[in-house]
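K.L.:
Before we start, here is the structure in question, set down as C-alpha cells.
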Amino acid sequence: MRTLDSGTGPGVYDERSVGWFCAYTPIEVIAAAGLSPVRLFGAQGGTESADAILGTNMCPYVRACLEQGLDGSAPRAVVVAGCCDNLRRLYDAWSFYCEADLTYLFDVPRDSTPAALEQYRRAIEGLAGVLEEYTGEAITPGALIDAICERRDAEARLGLLSEAQAQPGSRLEAEAYMSEFVAEQAKPPAPSISPGDPDDETQEGRLAGPGRKPVLVTGNIIRPGRLLGVIDSCGGAAVSLDLCSVERFITGGAGSADPAPGADRGQLFAYLAETYLARNPCPRMLNSAERHERLIAGSRRLGARGVIIIPLMFCDPFLYDLPALERRLDEQGIPSLVLNSDYQDDSPGQVTTRVEAFMEMI
C-alpha cells in the first residue's frame, strides 16, 4: 500500500497529482481515487531533449510534454489516453526515460456504437483498478458520484462562460477566454471570472472591444497568448474556440440525466463512457461528418463570418480530416483560414499578415 502525502501548495505537483493529456481521459475516476487530475501543457521553450528521443517530425504538443517529463517538472504519475500514435509514442518514451511512479496507457474507441461504449467502459474500469493499486484505496460508488457532480459543476461554470462568449457585450478576448479553461484543467480548483460582470475591472480589461469581426476557431490544443493573441490584435472576435483544451473539454454530461440513484461502479463507469463519447467529437473520431455539421451549425448560430482552423503540425488525424472540412465549409459559403501551429508560435509576423488579409476578406 502506498501512503500519499497531502498537497504542498497551489501550483506544486505533490504525490497526489496525476498528469493527463487528452480530453477523452475520464478525470472523474482519478478524482474518485483521492488524486488530483492535472492536465499537462508541456514545457515552455525548446524541446531539444524530447527531440533527441522522438525526432522533430512528431506532434509538438507531445514533444513539449515529454520535455516536461524529462526535466522533472511533471507529476510523478501520468495517465495517457491512447487516442493517437503520437500519444502512444509519448507513453513509450515516458515509461522508458522519465522516472515516474505510474505511467498508464488505456485505449479510447473511435466511435460511439454499443460495442465501442462497452470497450470504453472496460478501459475506464481498468484505469480504476490501476489507480486503486497505486493508492491502496478502493474507489467507491459514492466517491465516483461526488467526482461526477464536481466535474458537472465545473462544466456548468464553463458553459456559462461559453454562452457569454457568444454575446458581443460580454465577449472576452480569445486569449483570456482560453485561459479560463486552461486554469480549470491545469490547477484545480481554479479561479474563475464571472462572465459579463461590469464591476470586475480585471474582466473589463480582458473584454474584446467593439467593432471586431466574429470568427469561429477550431483546431487542436494551442498555447494561450500566441495565435489567439494574433487573432485578437487583427480585429477578430472569437465567438467559439472549438479546441480540445477549450470547449471540447466539456463533455456531453452537462445536459444529461444524473447517474441513477444507488448506481454501482459498473453502472457509473458505463455512465462515464456514454458521457465522454457524447461530446463534440474531435478529428480522431470516425464521425467526421457530424463534427463538420456541428461546426457549420455553430458558425451560423453564432454569426461567425469565417472559420479559422489551427491544426498542430504532424497531427495526422486532424491533417487527414482537414481537406474534407475545408471542402464542406466552402460548399456552405463559409470562408476559412488554416494556420498551422508548431505549438510554440514564437514568430507571429507572417501569421499576422495572413490573419489581417483574412479579416479584410470577411
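K.L.:
Can you name the condition, by its number, that residue 326 falls short on among (1) under 21 Å from residue 111 (Cβ atoms); (2) out of contact with any Asp or Glu (no Cβ under 7 Å at 6 or more places or on another chain)?
P.N.:
Evaluating residue 326 over (1) under 21 Å from residue 111 (Cβ atoms); (2) out of contact with any Asp or Glu (no Cβ under 7 Å at 6 or more places or on another chain) leaves (1) as the failure.
K.L.:
Something else now. Taking residue 281 as the residue in question, decide whether it is without any contact (Cβ under 8 Å) to a residue 24 or more places away in the chain and open to solvent by less than 30 Å² (accessible area, probe 1.4 Å).
P.N.:
So residue 281 fits the description; yes.
K.L.:
For segment 37-45, state whether one or more residues are open to solvent by 20 Å² or more (accessible area, probe 1.4 Å), over 19 Å from the mean Cα position of the chain (by Cα), at pLDDT below 95 and within 18 Å of residue 341 (Cβ to Cβ).
P.N.:
Taking every residue of segment 37-45 in turn, at least one turns out to be open to solvent by 20 Å² or more (accessible area, probe 1.4 Å), over 19 Å from the mean Cα position of the chain (by Cα), at pLDDT below 95 and within 18 Å of residue 341 (Cβ to Cβ).
A quick yes/no check of all residues on (1) at pLDDT 95 or above; (2) within 25 Å of residue 134 (Cβ to Cβ); (3) among the basic types (Lys, Arg):
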| residue | (1), (2), (3) |
| --- | --- |
| 49 | yes, no, no |
| 57 | no, no, no |
| 69 | yes, yes, no |
| 87 | yes, yes, no |
| 90 | yes, yes, no |
| 93 | yes, yes, no |
| 98 | yes, yes, no |
| 104 | yes, yes, no |
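K.L.:
Do you know which residues across segment 345-361 are surrounded by 17 or more Cβ atoms within 10 Å (Cβ to Cβ) and among the aliphatic types (A, V, I, L, M)?
P.N.:
351, 355, 359
K.L.:
Still on this structure, please answer the following. Quick one: count up the residues across segment 310-362 that are of a type in the set (Gly, Ala, Ser) and in contact (Cβ under 8 Å) with a residue 12 or more places away in the chain.
P.N.:
Filtering segment 310-362 down to residues of a type in the set (Gly, Ala, Ser) leaves 324, 333, 336, 341, 347, 349, 357.
Now drop any that are not in contact (Cβ under 8 Å) with a residue 12 or more places away in the chain, which leaves 324, 336, 341.
Qualifying residue count, segment 310-362: 3.
K.L.:
Next up: Which of the helices (runs of 4 or more DSSP H) contained wholly in segment 266-362 include at least 2 residues that are among the polar types (S, T, N, Q) and within 30 Å of residue 51 (Cα to Cα)? I'd like the intermediate steps shown before the answer.
P.N.:
On the way: elements: 288-301, 316-331, 349-361.
Fully inside segment 266-362 and qualifying: 349-361.
K.L.:
Among the residues of segment 144-166 satisfying the criterion of being of a type in the set (Gly, Ala, Ser) and in a helix (DSSP H, G or I), which is surrounded by the fewest Cβ atoms within 10 Å (Cβ to Cβ)?
P.N.:
Checking each candidate, the answer is 156.
K.L.:
With the requirement that a residue be open to solvent by 10 Å² or more (accessible area, probe 1.4 Å) and either in a loop (DSSP other than H, G, I, E, B) or not hydrophobic (A, V, I, L, M, F, W, C) (or both), what does segment 76-87 give you?
P.N.:
76, 84, 85, 86
K.L.:
Could you list, in sequence order, the residues of segment 133-148 that are within 17 Å of residue 272 (Cβ to Cβ) and touching a residue at least 24 places away in the same chain (Cβ under 8 Å)?
P.N.:
Matches in segment 133-148: 139, 140, 141, 143, 144, 145, 146, 147, 148.
K.L.:
Starting from segment 65-83, take each residue that is closer than 16 Å to residue 22 by Cβ and of a type outside the set (Gly, Ala, Ser) and list its partners that are open to solvent by 10 Å² or more (accessible area, probe 1.4 Å) and assigned to a helix (DSSP H, G or I), counting only C-beta distances under 7 angstrom and pairs at least six apart or across chains.
P.N.:
Within 7 Å, the pairs are 66/53; 66/54; 80/87; 80/91.
K.L.:
I'd like the full set of residues that are open to solvent by 40 Å² or more (accessible area, probe 1.4 Å), free of Cβ contacts under 8 Å to residues at least 60 places away in the same chain and either among the small types (Gly, Ala, Ser) or under 16 Å from residue 36 (Cα atoms) (or both), limited to segment 119-132.
P.N.:
If the condition is that a residue be open to solvent by 40 Å² or more (accessible area, probe 1.4 Å), free of Cβ contacts under 8 Å to residues at least 60 places away in the same chain and either among the small types (Gly, Ala, Ser) or under 16 Å from residue 36 (Cα atoms) (or both), then no residue fits.
K.L.:
Determine which member of the set 236, 303 is in contact (Cβ under 8 Å) with a residue 40 or more places away in the chain, touching a strand residue (DSSP E or B) at 6+ places or on another chain (Cβ under 6 Å) and surrounded by 17 or more Cβ atoms within 10 Å (Cβ to Cβ).
P.N.:
Working: 303 fails: surrounded by 17 or more Cβ atoms within 10 Å (Cβ to Cβ).
After ruling out the rest, the residue left standing is 236.
K.L.:
Across segment 308-344, what is the number of residues that are of a type outside the set (D, E, K, R), more than 21 Å from residue 286 (Cα to Cα) and either surrounded by 18 or more Cβ atoms within 10 Å (Cβ to Cβ) or within 22 Å of the chain's Cα centre (by Cα) (or both)? Talk me through it step by step, then tell me what you get.
P.N.:
Of all residues in segment 308-344, those of a type outside the set (D, E, K, R) come to 308-315, 317-320, 322-325, 329, 332-341, 343-344.
Still in the list and also more than 21 Å from residue 286 (Cα to Cα): 308, 332-341, 343-344.
Pick out the ones that are also either surrounded by 18 or more Cβ atoms within 10 Å (Cβ to Cβ) or within 22 Å of the chain's Cα centre (by Cα) (or both) and you get 308, 334, 336-341, 343-344.
Of the residues in segment 308-344, 10 are of a type outside the set (D, E, K, R), more than 21 Å from residue 286 (Cα to Cα) and either surrounded by 18 or more Cβ atoms within 10 Å (Cβ to Cβ) or within 22 Å of the chain's Cα centre (by Cα) (or both).
K.L.:
Restricting segment 88-118 to residues that are over 12 Å from residue 21 (Cβ atoms), of a type in the set (A, V, I, L, M) and in contact (Cβ under 8 Å) with a residue 24 or more places away in the chain, which is surrounded by the most Cβ atoms within 10 Å (Cβ to Cβ)?
P.N.:
93
K.L.:
Let me ask something additional. Give the residues of segment 117-139 that are out of contact with any helix residue (DSSP H, G or I) (no Cβ under 9 Å at 6 or more places or on another chain) and of a type in the set (Val, Ile, Thr), sorted by residue number.
P.N.:
130, 135
K.L.:
Given the conditions (1) under 18 Å from residue 243 (Cα atoms); (2) surrounded by fewer than 18 Cβ atoms within 10 Å (Cβ to Cβ), and given that residue 55 satisfies all but one, which numbered condition is not satisfied?
P.N.:
(1)
K.L.:
Which residue out of 98, 22 is under 22 Å from residue 291 (Cβ atoms) and touching a helix residue (DSSP H, G or I) at 6+ places or on another chain (Cβ under 9 Å)? It would help to see each step written out before you state the result.
P.N.:
Numbers: 98 fails: under 22 Å from residue 291 (Cβ atoms).
From the options 98, 22, the qualifying one is 22.
The values are calculated or read from the model by the stated rules, or taken from the named source; none is laboratory data. No experiment lies behind these values; they were computed from the predicted model shown. Cβ: placed from backbone, ideal geometry, glycine included. Neighbour counts: every protein chain shown. Areas reflect the complete protein model, heavy atoms only, side chains present, ligands, DNA and RNA absent. Shrake-Rupley method; radii C 1.70, N 1.55, O 1.52, S 1.80 Å.
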